[in-house]
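Just so it is clear, none of the values below were taken in a lab; they were calculated from the coordinates. Since this is a predicted model, take the numbers as computed values, not measurements. A quick note on method: Cβ atoms are made from the backbone with ideal geometry, for glycine too, and the neighbour counts reach across all protein chains shown.
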């Protein structure tokens with residue numbers, strides 16, 4: 001079993017990365033491999049709705065991480081997308097990338113259908129609910145089961161009190177448990 005962790009932050013080792021490393025540690029403890037796909041700080045184009053992807057399930061633009069991400073998701077049994085919250089939503093670069101990834105693969109026969117998916121966000125003040133909603137919409141429109149947990153998968157910053165920190169980690173742990181269960185059920189049906 002393999003889970004793809006998509007780091008939608010521009011920072012290589014920032015807070016989103018740390019949250020995803022918590023997911024990775026918990027997944028590995030269950031015997032699930034976890035690969036990290038970091039989108040980085042390169043320029044990412046938005047979708048131009050040229051529809052070239054309808055024939056290939058790949059974006060016509062070849063100079064950014066869109067098509068490699070499509071391949072990585074196809075190989076994974078489940079995905080977790082992490083993003084910082086900027087102005088009440090996920091990072092613009094991750095949204096531009098995911099618009100293209102999911103548009104290219106969600107035509108008449110969605111390529112990612114049935115793959116469990118979860119989102120987590122790192123939030124300083126507000127906007128976590130809106131950011132999670134935006135990320136979860138990619139999954140629901142692509143017929144991917146959205147992995148739930150006891151609360152939102154939100155890592156609030158900065159310097160949480162001990163009680164909040166424990167609750168955040170419990171939410172991530174619960175999400176990992178549910179993802180593991182869904183992947184295990186799906187692979188046992190194959």
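Sequence-distant contacts, meaning Cα pairs under 8 Å at least 6 residues apart, place the relative contact order of the chain at 23 percent. Among beta bridges from DSSP that stay inside the chain, the antiparallel ones total about 10%.
With r defined as the distance between the Cβ atoms of residue 11 and residue 35 and R0 fixed at 25 Å, what FRET efficiency is calculated, to the nearest 0.05?
On the way: r = 19 Å, r/R0 = 0.75.
Computed FRET efficiency for residue 11 and residue 35: 0.85.
The long axis of helix 128-141 is offset from the longest Cα principal axis of the chain by roughly 40 degrees. A Förster radius of 35 Å, combined with the Cβ-Cβ distance separating residue 133 from residue 52, puts the computed FRET efficiency at roughly 0.75. Between residue 141 and residue 43, the modelled labels are 2.5 nm apart [label points 7 Å from Cα along Cα→Cβ].
When each of the peptides 31-40, 89-98 is scored by how many other beta carbons lie within 10 Å of its residues on average, the order from highest to lowest is 89-98, 31-40. Compared with the dominant Cα axis of the chain, that is its longest principal axis, helix 162-189 is turned about 40°.
From its DSSP helices (H runs of at least four residues, each -39,500 (n - 2.57)), the chain gives a residue-normalised ellipticity at 222 nm of -14500 deg cm²/dmol.
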